[in-house]
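The values are calculated or read from the model by the stated rules, or taken from the named source; none is laboratory data. Just so it is clear, the structure is predicted and the values come from calculations on it, not from any experiment. Note: ideal-geometry Cβ built from the backbone for every residue, glycine included; neighbour counts use all protein chains shown.
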Amino acid sequence: MEFGIYVGSATGSDEGLLQGKPDNPSAINSALDTLQGDAATLLARAYLHYKGNSKSANHTPFRPEQYAIHGRKLDLVICYQTDTGDMEDWQRFIEKVVDEYGAHLGALQITEETNVVGHGMDGDYPSSMRALTEGVIAAKTALQAAGWGKVAVGFNVTPTFGPDTYWQKLSELSTPEFLKALDYVGFDFFPDVFRPIPTEQIAPAVQSIINDLRERDLAGAGIGGHVPIRITENGWPTGDQRPLEQQAVTLERIIMSVYEVKDTYNITHYELFQLRDTDSDKEGIFYHFGIMDDEYLPKPAFTQYARLVADLRIQ
């Protein structure tokens, strides 16, 4: 597999966007150098938020292109956060992003978790699914026109439990042009974080939920097995009753579980959420997803992730 990590410190929560101490670009690049090791590349994940009228806000982190050095590329997410429904302006915005970041991109994700409603994600906005399908086409067209045709374009989802009409809606909006432009589907999932899972059940739970994504959800939307899955967000926070050492153990268990089924389900990438804590002094799991604290001091999981990248990466 290929690997990556979210390099910023701001994180979304049920309370909105949480922020802590300012990011330290020098410390971030140093940590990324260590994680990358001898690998030719490592994806640095970052987010920007489209607010309508060709505007963006909340670049997370600021100036993400400064982390696309030493062979690293950006996995840049364009979140759709507007009620305007102006698809022409949305397309212009995507073209603007391609112009600005194209040389730094390894992947361009269009929208963020449009299947989630009620938590401030893109699914809260009525035109988000049109933004997804039309945005993927616009992104691929703009990248090819600019000479960056090898940049992968996709979208992502998170697990849903119970009755779900999302995939049927996506199938209705899907077109041959969309399916041709789609290079991957991202998957954000957090086993044993929001729903406790016994340690011995983590591996089968991981593989079961990936199976559901591939065999039930994607197949139901007409997205074939030739379209790769990328794990775009996965993490396990430290804190009260969440020891530092257990973070390392749990993440290794999850990553190895993904690796074991990568050929079965055509999984090509794994990206960790996140590099450093949002705020190591505050309570609450959303502040503590980092494999480093907010002073960029490594937790045991940092060393473990670096070892896994070295052992499992594409040579």
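Say whether the condition of being in a strand (DSSP E or B), touching a His at 6+ places or on another chain (Cβ under 6 Å) and either surrounded by 15 or more Cβ atoms within 10 Å (Cβ to Cβ) or not hydroxyl-bearing (Ser, Thr, Tyr) (or both) is met by at least one residue in region 39-50. Before the answer, list the steps.
Let us first name the residues in region 39-50 that are in a strand (DSSP E or B), namely 43-50.
With the extra rule that they be touching a His at 6+ places or on another chain (Cβ under 6 Å), the set shrinks to 48.
Still in the running and either surrounded by 15 or more Cβ atoms within 10 Å (Cβ to Cβ) or not hydroxyl-bearing (Ser, Thr, Tyr) (or both): 48.
The answer is yes; a qualifying residue exists.
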| Answer residue from region 6-36, given it is farther than 29 Å from ARG313 by Cα and assigned to a strand (DSSP E or B) and is modelled with the lowest pLDDT among those | GLY16
| message | Please go through (1) surrounded by fewer than 20 Cβ atoms within 10 Å (Cβ to Cβ); (2) touching a Pro at 6+ places or on another chain (Cβ under 6 Å) for GLU283 and return the number of the only condition it doesn't satisfy. | response | (2)
| field | Any chance VAL258 is closer than 18 Å to GLU2 by Cβ and surrounded by 21 or more Cβ atoms within 10 Å (Cβ to Cβ) | value | yes
| request: Evaluate region 118-139: report whether one residue or more is over 14 Å from LEU170 (Cα atoms), assigned to a loop (DSSP other than H, G, I, E, B) and among the β-branched types (Val, Ile, Thr). | output: no
| Identify, please: which residue in region 53-76 is assigned to a strand (DSSP E or B) and at pLDDT below 95 and is, among those, farthest from THR232 (Cα to Cα)? | LYS55
| note | Per the filter on region 96-121, residues crowded, with 20+ Cβ neighbours inside 10 Å, within 17 Å of ASP164 (Cβ to Cβ) and among the hydrophobic types (A, V, I, L, M, F, W, C) are MET121
| said: Please go through region 122-151 and give me each residue that is buried (at least 21 other Cβ atoms within 10 Å of the Cβ) and under 20 Å from ALA103 (Cβ atoms), ordered by number. | reply: ALA138, ALA139, LYS140, ALA142, LEU143, VAL151
| query | crowded, with 22+ Cβ neighbours inside 10 Å and either among the charged types (D, E, K, R) or closer than 18 Å to LEU272 by Cβ (or both) - does that describe any residue in region 82-95? | reply | no
| query | Given the structure, is GLU245 touching a residue at least 24 places away in the same chain (Cβ under 8 Å), out of contact with any Asp or Glu (no Cβ under 9 Å at 6 or more places or on another chain) and of a type in the set (Asp, Glu)? | reply | yes
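Please find, within region 188-223, the residue that is farthest from PRO159 (Cα to Cα) out of those that are among the small types (Gly, Ala, Ser) and free of Cβ contacts under 8 Å to residues at least 40 places away in the same chain. Give the steps one after another, and end with the answer.
Taking region 188-223 first, the residues among the small types (Gly, Ala, Ser) are 203, 205, 208, 219-222.
This time we only want the ones that are free of Cβ contacts under 8 Å to residues at least 40 places away in the same chain, so: 205, 208, 219.
Details: ALA205: 12, SER208: 11, ALA219: 15 Å.
Selected residue: ALA219.
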| request: Go through (1) at pLDDT below 95; (2) surrounded by 21 or more Cβ atoms within 10 Å (Cβ to Cβ); (3) not aliphatic (A, V, I, L, M) one by one and return the number of the condition CYS79 breaks. | output: (1)
| message | Tell me yes or no: at least one residue of region 287-302 is of a type in the set (Ser, Thr, Tyr) and either surrounded by fewer than 17 Cβ atoms within 10 Å (Cβ to Cβ) or closer than 22 Å to PRO25 by Cα (or both). | response | yes
| query | Which residue pairs have Cβ atoms closer than 6 Å, lie 6 or more positions apart in sequence or on different chains, and pair a first residue in region 132-158 that is within 28 Å of ASP217 (Cβ to Cβ) with a second residue that is of a type in the set (Ser, Thr, Tyr) and part of a loop (DSSP other than H, G, I, E, B)? | reply | LEU132/THR111; LEU132/THR114; PHE155/THR111
| Among the listed residues ASP83, ASP89, ASP99, ASP75, which satisfies the condition of being over 22 Å from ALA152 (Cβ atoms) and in contact (Cβ under 8 Å) with a residue 40 or more places away in the chain? | ASP83
